[in-house]
1. Can you work out the Karplus-derived ³J(HN,Hα) for every residue in region 304-318? Use 6.51 cos²θ - 1.76 cosθ + 1.60 with θ = phi - 60°, whole Hz, and x for glycine or proline.
2. What's the extension gain from Asp155 to Ser298 if we count 0.36 nm per residue and subtract their Cα-Cα distance?
3. As an exercise, identify the chymotrypsin sites (Phe, Trp or Tyr not before Pro) in region 90-176 lying in DSSP coil whose Cβ has no more than 16 other Cβ atoms within 10 Å.
4. Can you list which of the trypsin sites (Lys or Arg not before Pro) found in region 196-242 are DSSP loop residues with at most 13 other C-beta atoms within 10 Å?
5. Please report the accessible area of Glu127 (heavy atoms, 1.4 Å probe, ligands and nucleic acids excluded) in Å², nearest 10.
6. Would you mind calculating the gained length between Asn416 and Asp165 on full extension (0.36 nm times residue separation, minus the Cα-Cα distance), in nm to one decimal?
7. Give, rounded to the nearest 20 debye, the magnitude of the charge dipole that region 101-229 has about its Cα centre when Lys and Arg contribute +1 at Cβ and Asp and Glu contribute -1 at Cβ.
8. Between Val347 and Leu139, what's the calculated FRET efficiency when r is the beta-carbon distance and R0 is 60 Å? Round to 0.05.
Amino acid sequence: MSDDDMQLALKMVVSSISGEGDTDGNDALNSPENSPKPLRRARVLDLNERRKQFRRTRSLNAPSPFQQFGPCGGIMKNPAMVMQIQDPASQRLTWYKPPLTVLVIKKVCDASVLTPFVQLVLWLVQEKNMVVWVESAVLDDAILNEDTQFRSVRDKLVTFKDGRDDLTDRIDFIVCLGGDGTLLYASLLFQQSVPPVMAFHLGSLGFLTPYRFDNFQEQVTSVLEGHAALTLRSRLRCVMHRRSEKQHGFEQAVDLNAAHASSLANSILILNEVVIDRGPSPYLSNIDLFLDGKYITSVQGDGLIVSTPTGSTAYAVAAGASMIHSSVPAIMVTPICPHSLSFRPIVVPAGVELKISVSPESRNTSWVSFDGRNRQELFHGDSLRVTTSIYPVPSICAQDQISDWFASLADGLHWNVRKRQKCLDELSDLTASGSEDTFDEIENTKLYDG
């Protein structure tokens, strides 16, 4: 850092604390002992503020590596490729303006969700004066229409129909009531920028739903005031290229989301995983995998899972993959029952593009599904291209990124749950007795059982 930059930094530090000191910025800078005191004081104040605002005071990102290697080596400078990435631990929700519209997504075909749904909708409309959006099919629920409280606000709700109405830039805030499927559905509805999502655990698994509904008023109010941490859950952008369209002299992406767009869509964004499998065929899948245009390997087995870090705890973990924290920028590639003892799941950087196609010598075609939906056949000559999307799902944390993730591992998957080994104190009665007595007891037990 040059001397001019150092003087400018000192001036900024002094000006930030000048309101609390008894000297102005110029006097502090000109004093012979100015450097240590203002800098130390600013650091202490900044640290205290961070402790008050955030749970974590240490970055979740790896430290910036030292770029000089020995006396002669180093990294070639390339200003065009320099990136600034915000620390995930500092990702806090902020509202540029007060949110007015809220989309409430509830789990379908579950009567236990109806009462919390009515309570939430009544509170949002009557207490918070918000415009509540719901899916039009919700209003057709016979049991819900019998509720007198719901009928009082039914006409105030704004409805949309999946596949017909575009919700882009209409929704400020999303509340999910149910299991992980409600969050996946919210991701499907918004194929570009997604509003902040607050998910309540009212389903069966609830790996992605950290909130409990007991004191929802206090929790939603806190979020509406901007007091919440965010987990940016990356999504995968999937584009299918059909051979039939190449034969006509052009290559165009087919519509993967026909239910959500009237015109031809060139991509679909998924939150969990894209699965390529052998479908109903009795033969092994034979799938070629390319990374940034380079051939990597062929998958011979039941299929292949390409997942996000969020999806690593879904189908991928059942297929033997590792669990990756949602803030890690990565793509996981997991084979499904590979006919190989050495084919282990791999993790690749989030910025690469994967190309998946049916091998020319494959005996059968393959089938593709996107977050369990839009299942379609992948023919010979077709290809699927997958990369990380620039539009993540901003999931609101109940506590913070680390606490929520490990809590979901413990609650949802019972991660590392086992009986603990007894300590020596608990075995004192055994160690106090002699070894001969112990063997005698064992022999007597054997004789008695005999």
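The values are calculated or read from the model by the stated rules, or taken from the named source; none is laboratory data. Computed from a predicted structure; not experimentally measured. Glycine gets a Cβ as well: all are built from the backbone with ideal geometry, and neighbour counts include every protein chain shown. Only protein heavy atoms, including side chains, enter the accessible area calculation; ligands, DNA and RNA are left aside. Shrake-Rupley method; radii C 1.70, N 1.55, O 1.52, S 1.80 Å.
1. Karplus-based 3J(HN,Hα) across region 304-318 equals 8, 10, 10, 10, 7, x, 4, x, 5, 9, 9, 4, 4, 5, 5 Hz.
2. Working: separation 143, 0.36 × 143 = 51.48 nm, distance 5.61 nm.
Answer, rounded to one decimal: 45.9 nm.
3. Details: sites: Trp95, Tyr96, Phe117, Trp123, Trp133, Phe150, Phe160, Phe173; in loops: Trp95, Tyr96.
Taking region 90-176 and a limit of 16 other Cβ atoms within 10 Å, the loop chymotrypsin sites (Phe, Trp or Tyr not before Pro) found are Trp95, Tyr96.
4. Numbers: sites: Arg212, Arg233, Arg235, Arg237, Arg242; in loops: Arg212, Arg235, Arg242.
Filter output for region 196-242: Arg212.
5. 120
6. Numbers: separation 251, 0.36 × 251 = 90.36 nm, distance 4.45 nm.
Gain in length upon complete extension: 85.9 nm.
7. Numbers: 10 positive and 17 negative charges, 5 e Å.
Using Cβ point charges on Lys, Arg, Asp and Glu, region 101-229 gives about 20 debye.
8. Values: r = 44 Å, r/R0 = 0.74.
Plugging the Cβ-Cβ distance into 1/(1 + (r/R0)^6) gives 0.85.
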